[in-house]
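See below for the structure under consideration.
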Amino acid sequence: MAEEKKMTRGEQLRKALCYTKKNGYDKVEAAELEAMETYSIGYKQFLDAGKTERECVDYTIRLAEAAGFKEYKRGMELKAGDKVYQVNRGKAIVLAVMGQKGLEHGVSIGAAHIDAPRIDMKQNPLYEADELAFLKTHYYGGIRKYQWVAIPLELHGVVVLKNGETIRVSVGNGEGDPVFTIDDLLPHLGVEQSKKPLGEAIPGESLNILVGSRPFADDEGENRVKLCTLELLHKRYGIVEEDFVSAELSVVPAFKASDVGFDRSMIGAYGHDDRVCSYAALAAILQIEHPERTAICMLADKEEIGSEGVTGMKSAAFDTFMEDLCAGQNVPLRVCYENSFCLSADVTAAYDPNFADVYEKRNSALVNYGIGICKYTGSRGKSGASDASAEVVAKVRSIFDEANVLWQTAELGKVDAGGGGTVAMYMAERNIDTLDAGVPVLSMHAPFETVGKLDCYMTFKGMKAIFEAK
Ligand code: MN
Ligand code: MN
């Protein structure tokens, strides 16, 4: 037997006192790698099925019902272990698994968002210019416009007719479907454009979607390409031009979620922000049976434009649902809230060695180092952050360690390099202790974002540990 090498006093001290970050692959157990791969397959399916918040809600309902969740109706009598969900206007969804303890002991919330940056159609979008048909757009969320030109795009959304009938539109996602695109200038003629700053080279009003080029036959009138397009839309969807007024149509990248790298250790896709944490919270709550405290998974809309609106996290829809649950147990909502905890599960910036100067590496989240705990987000002097208290961070740290969740600390880049926010502050405003944590992402908000599979899986494990915590 080899004699064990004795540690020097310095080595002992270093081991006992120093906080060292370690790559998750050096810590994770072999058995978990398989679970991680299975989890990643489910996540990629979620991404491909949910290109908009409405589609994410539909897919979530399918998974939830298969796992025994029932649609919640006000006044429903619920007992421990019951599983319910409620949809807010087709765009946000909240799921609950009732706990053994009453709601006066608070609930454990995982809150994420299912909307993602994209390009929306204007209300009067269709026009023809020089015998090409286009749709006028207004982008949604923080996009870098230059990234969205000359790539294949899919059209998703709804057209609601005056009679209230909703027509679903999804073109580009199906087998053999056509796609759309926004054309860009050829480099040969881009001399002047190339001199412009990145943020100005592609103006918002130039993000017009190319949708057709064939003129209507046997006609001498004007705008024959537009007419031909309208005829096709009428044949397929029964809509007329005025119906665009009450439509919500968006284009999103026509990419399927794919493994990235020779080692397949990463996933590239549109919409990781924040479907990667939404799926983590969802997959976790689907596995929860008889939690001690009631578990809540909140998948919100409108985070990318400030959590505004009736389906955003600022909306009272969440409070109404919680109040209805509380009413069933004669518990005041404020008592439930003050004893609750929320993990605001949203993505964070992954340290990118190609752009090292906007990060402070000691405090940045690294790919494959686990779920990133973000005590504060915001910009400048933490403006727009909920800044979780040390007590809350300590509790989460301990829950994660207990459950073998690999975690790291995270921040959104260097101080004064920029910044951003999440739904955390709106949960905290409700008098709910809240902490941000989520998956580090490369190329956040780009049409094709990249994450590490290990971090996705650890976020799921972290979410599950929160739901299972005493
Ligand atoms: Mn986000
Ligand atoms: Mn975002």
Share of accessible surface on carbon and sulfur in the range 118-253, whole %, 1.4 Å probe and ligands ignored, is 53
In units of 2.2 N^0.38 Å, the Cα radius of gyration of the chain is 1.06
So, for the Cα atoms of the range 310-349, Rg and Dmax in Å stand at 12.5, 42
Kirkwood radius from Cα pairs of the range 118-253 plugged into Stokes-Einstein at 25 °C, 0.890 mPa s, gives D in µm²/s equal to 153
Sorted by chain and number, the residues with a modelled amide H under 5 Å from that of Tyr270, at a separation of 5 or more or across chains, are Glu449
A correct Karplus calculation of ³J(HN,Hα) over the range 431-440, with 6.51 cos²θ - 1.76 cosθ + 1.60, θ = phi - 60°, whole Hz and x for Gly and Pro, returns 6, 10, 4, 9, 9, 7, 7, x, 7, x
With Cα coordinates, the longest principal axis of the chain makes an angle with the long axis of helix 53-66, in degrees rounded to 10, of 50
Averaged per residue, the 1.4 Å probe accessible area of the chain, protein heavy atoms only, in Å², is roughly 48
For the range 314-331, in residue order, the Karplus 3J(HN,Hα) values (coefficients 6.51, -1.76, 1.60; θ = phi - 60°; whole Hz; Gly and Pro = x) are 6, 5, 6, 4, 5, 5, 5, 4, 5, 5, 5, 4, 5, 4, x, 10, 6, 10
Sorted by chain and number, the residues with a modelled amide H under 5 Å from that of Ile167, at a separation of 5 or more or across chains, are Val159, Val160, Leu161
Square roots of five times the C-alpha gyration tensor eigenvalues of the range 216-356, ordered largest first and given in whole Å, equal 42, 27, 14
The computed P(r) of the range 279-379 puts the percent of Cα pairs beyond 21 Å at 53
Links exceeding 23 Å between C-alpha atoms in this model, out of Lys314/Lys414; Lys22/Lys361; Lys195/Lys256; Lys395/Lys464; Lys256/Lys464, come to Lys314/Lys414; Lys195/Lys256; Lys256/Lys464
The range 387-470, convex hull of Cα, quarter of hull surface, nm² -> 6.7
The set of residues whose placed amide H lies less than 5 Å from the amide H of Lys302, leaving out same-chain residues fewer than 5 positions away, is Asp115
In whole Hz, the Karplus estimates of ³J(HN,Hα) for the range 231-241 (6.51, -1.76, 1.60; θ = phi - 60°; x where Gly or Pro) are 5, 4, 5, 5, 5, 7, 10, x, 9, 10, 4
The range 15-134: relative contact order from alpha carbon pairs under 8 Å, six or more residues apart, as a whole percent, is 17
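The values are calculated or read from the model by the stated rules, or taken from the named source; none is laboratory data. Everything numeric here is computed off the predicted structure, so don't read it as measured data. Each accessible area value is taken on the protein alone, full model and side chains, heavy atoms only, with ligands, DNA and RNA left out. Shrake-Rupley method; radii C 1.70, N 1.55, O 1.52, S 1.80 Å.
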